[in-house]
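S.K.: Take a look at this one; I'll ask things after.
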Amino acid sequence: AQDTLLQAASRTTALHRVEVLGAAGLVTAFGQLVIRMLSSGNGIDVTEAILFHAGRLPRLRTVASAVLSVVIVAMGTSLGREGAPKQVGAVLANEACDRLGLSDEQRRLLVACGSGAGMAGAYGVPVGGALFALEVMRGLLALRFDGPALLSSILASAVAWCFLPNAPTYVVHDAGDTASLAIFAAVAAPLAGLASLLYVRLITAAHRHRPRGRVRYVAPVAALVALGLVASRFPELLGNGKDIVQGTFSSALAPALLLALLALKPLATATCLGSGAPGGLFTATMSFGALLGAVLGVASSSLGAHVAPEACAIVIAAAVLGATTQGPLSAIVLVMELIGRDRSFVVPMIVAVVGATLVARSIEPRSIYDARLTDEQVRARRAPPKAA
């Protein structure tokens, strides 16, 4: 079996980690320079394109950003790997719409489906990818949209399974006492909701304070070297957070390390994002939720609750995903597909996701995928959809 990023990083010296992250910073700076030379104007986020530009994206700039994302995420930046396939899927759908002469409404749907297909292919989650396309990217669930979303996500997953293992991403244990876990979920859901809105605001601040002008070519180097220095003590911070999630789902992380990573992982992700490095947020966000759930699970167990910390990590990871993306259905299905489990986690997960999402959404209307939108654009997105 291939080593995980954490296993590979743990065998290197602290200096080597700093060197690799510093190189990633240089690649980011050079990549941004090349992107600006190849394509004038500002980049458009996929969510923004779907909502306010009828799904139209700057093709060259978006694909170049996706390629840069693949390279630097592989080098250890604390961002998700789904950003690139989402972008490429959206660009391909946009190109198909141009060639077929489809309407703006059809383009919005198909670009969202292309983005969801990228998610489905990256993680092998066909149903979750389809729901993500409709609930999170398109922002509208409707029967007439289900067919294109499911078909595109299933096809993307089938192609990915030709090259990648068709197996759950995470290995997990049984839920244990489901009733106790459901009670834990109900109590912990408001905390997960509050933590989620703080996380969303952190990501929003990182986007808003991205460097401009010449500083944009210096900031990635400084930020990623700083990450390398911290990773010399905490190599778990490297990468999208998959190793952290697996560690919490199998109780492989000590309580002190859980607390440290709970504080450091969101800061690492925001630092990378705020420096101008492109990348996804899905697994990074899931790792934050899993860490929070594991910490709350350890605390509950010490107080006499009959819950396993690893089960708590799974439930709260789904809750934080639902609250930060404001896509509760897609979050539940995505986590169920990622862990390959069904009935034992369903009720606690629904309780946690619904509770956390209600708390977060009642205070913060923005999701992590709205982070680049202005306040006016967020209000426009929340406006009731027009009747079909």
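The values are calculated or read from the model by the stated rules, or taken from the named source; none is laboratory data. If you're wondering where the values come from, they're calculated on a predicted model, not measured in any experiment. Counting neighbours? That spans all protein chains shown, and the Cβs are built from the backbone with ideal geometry, glycine included. All accessible areas refer to the heavy atoms of the entire protein, side chains included, with ligands and DNA or RNA removed. Shrake-Rupley method; radii C 1.70, N 1.55, O 1.52, S 1.80 Å.
S.K.: Working from the pairwise distances between different alpha carbons, so that the mean of 1/r is found and then inverted, what is the range 163-212's Kirkwood radius in Å?
M.R.: Value: 14.7 Å, from the Cα pair sum.
S.K.: Would you grab the residues whose amide H sits under 5 Å from the one on Gly80? Only those 5+ places off in sequence or on another chain, please, with H modelled 1.01 Å from N.
M.R.: Here Gly280, Leu281, Phe282, Ala284 satisfy the definition.
S.K.: Just to be sure I follow: if Rg is taken over the C-alpha atoms of the range 267-359 and Rh is the Kirkwood radius over the same atoms, what is Rg/Rh?
M.R.: 1.01
S.K.: What's the magnitude of the charge dipole for the chain around its Cα centre, counting Lys and Arg as +1 and Asp and Glu as -1 at the beta-carbon? Answer in Debye, nearest 20.
M.R.: Around 1140 debye, computed over the chain.
S.K.: Right, here's the next one. With every protein chain left in place, what is the accessible area per residue of the range 236-343 in square angstrom, probe 1.4 Å?
M.R.: Solvent-accessible surface per residue comes out at 27 Å².
S.K.: On full extension of the chain, what length is gained from Thr178 through Arg210, given 0.36 nm per residue of separation minus the C-alpha to C-alpha distance?
M.R.: Extra length available between Thr178 and Arg210 comes to 7.1 nm.
S.K.: Right, something else. Taking only complete DSSP H runs, can you tell me which helices of the chain stretch 20 Å or more along their own long axis by Cα positions and average at least 0.5 on the Kyte-Doolittle scale?
M.R.: The answer, listed by residue number, is 14-38, 59-74, 143-161, 178-208, 255-274, 282-302, 309-325, 343-363.
S.K.: Which of Asn94, Asn166, Asn240 moves the most in a Gaussian network model of the chain with Cα springs under 10 Å?
M.R.: Between Asn94, Asn166, Asn240, it is Asn166 that shows the largest mean-square fluctuation.
S.K.: Same structure, new question: Please compute the net charge surrounding Met37, taking Lys and Arg as +1 and Asp and Glu as -1 over other residues with Cβ under 15 Å from its Cβ.
M.R.: Computed value for this residue: +4.
S.K.: With a sphere of radius 11 Å drawn around the Cβ of Val125, what net charge do the other residues whose Cβ falls strictly inside it have (Lys, Arg +1; Asp, Glu -1)?
M.R.: -2
S.K.: While we're looking at this one, here's another question. Quick one: the Cα spread of the range 57-189 along its three principal axes, in angstroms, biggest first?
M.R.: 54, 41, 30
S.K.: For the pair Ala380/Phe30, report the inter-label distance in nm, with labels modelled 7 Å from Cα in the Cβ direction.
M.R.: It is 3.9 nm.
S.K.: Can I ask one more? At what distance in angstrom do the alpha carbon centres of the range 265-307 and the range 59-95 lie from each other?
M.R.: Comparing the Cα centres of the range 265-307 and the range 59-95, I get a distance of 23 Å.
S.K.: Follow-up. Note the direction-averaged projected area, equal to a quarter of the hull surface, for the Cα convex hull of the chain, in nm².
M.R.: For the chain, averaging the hull's shadow over all directions gives 18.2 nm².
S.K.: Toward the positive end of the charge dipole of the chain, about the Cα centre and with charges on Cβ (Lys, Arg +1; Asp, Glu -1), which of Met75, Val91, Ser301 goes farthest?
M.R.: Val91
S.K.: For the range 63-85, list residues with backbone N below 16 Å from a point placed 7 Å from the Cα of Phe163 toward its Cβ?
M.R.: It comes to 66-71, 74, 81-85, nothing else.
S.K.: A further question on this structure: Go ahead and set up a Gaussian network model of the chain, Cα springs under 10 Å, then flag whichever of Ile72, Ile363, Ile35 fluctuates most.
M.R.: Most flexible of the set in this elastic network: Ile363.
S.K.: Please work out how much accessible surface Ser367 shows to a 1.4 Å probe, ignoring ligands, DNA and RNA, in Å² rounded to 10.
M.R.: Per-residue accessible area (Ser367): approximately 0 Å².
S.K.: Relative contact order for the chain using alpha-carbon pairs under 8 Å, separation at least 6, rounded to a whole percent?
M.R.: 23 percent
S.K.: When ligands, DNA and RNA are left out and all protein chains stay put, how many square angstrom of accessible area per residue does the range 123-170 have with a 1.4 Å probe?
M.R.: Normalised by residue count, the accessible surface of the range 123-170 is 48 Å².
S.K.: With a cap of 13 neighbouring Cβ atoms within 10 Å, and only residues DSSP puts in a loop, list the trypsin sites (Lys or Arg not before Pro) found in the range 141-220.
M.R.: Here the trypsin sites (Lys or Arg not before Pro) that fit, given the DSSP loop and packing criteria, are Arg212.
S.K.: Hey, another quick one. Per-residue ellipticity at 222 nm for the chain, helices alone: DSSP H runs ≥ 4 residues times -39500 (n - 2.57), over residue total, nearest 500 deg cm²/dmol?
M.R.: Mean residue ellipticity at 222 nm (helix-derived): -23000 deg cm²/dmol.
S.K.: Under a GNM of the chain (C-alpha, springs under 10 Å), which listed residue has the highest mean-square fluctuation: Gly193, Gly213, Gly247?
M.R.: Gly213
S.K.: Where does each of Asp375, Asp45 land when they are ordered by accessible area, with a 1.4 Å probe and the largest first?
M.R.: The most accessible residue leads, giving Asp375, Asp45.
S.K.: Related question: Quick one: net charge of Thr169's neighbours, Cβ under 9 Å, K/R +1, D/E -1?
M.R.: With Lys, Arg at +1 and Asp, Glu at -1, the neighbours total 0.
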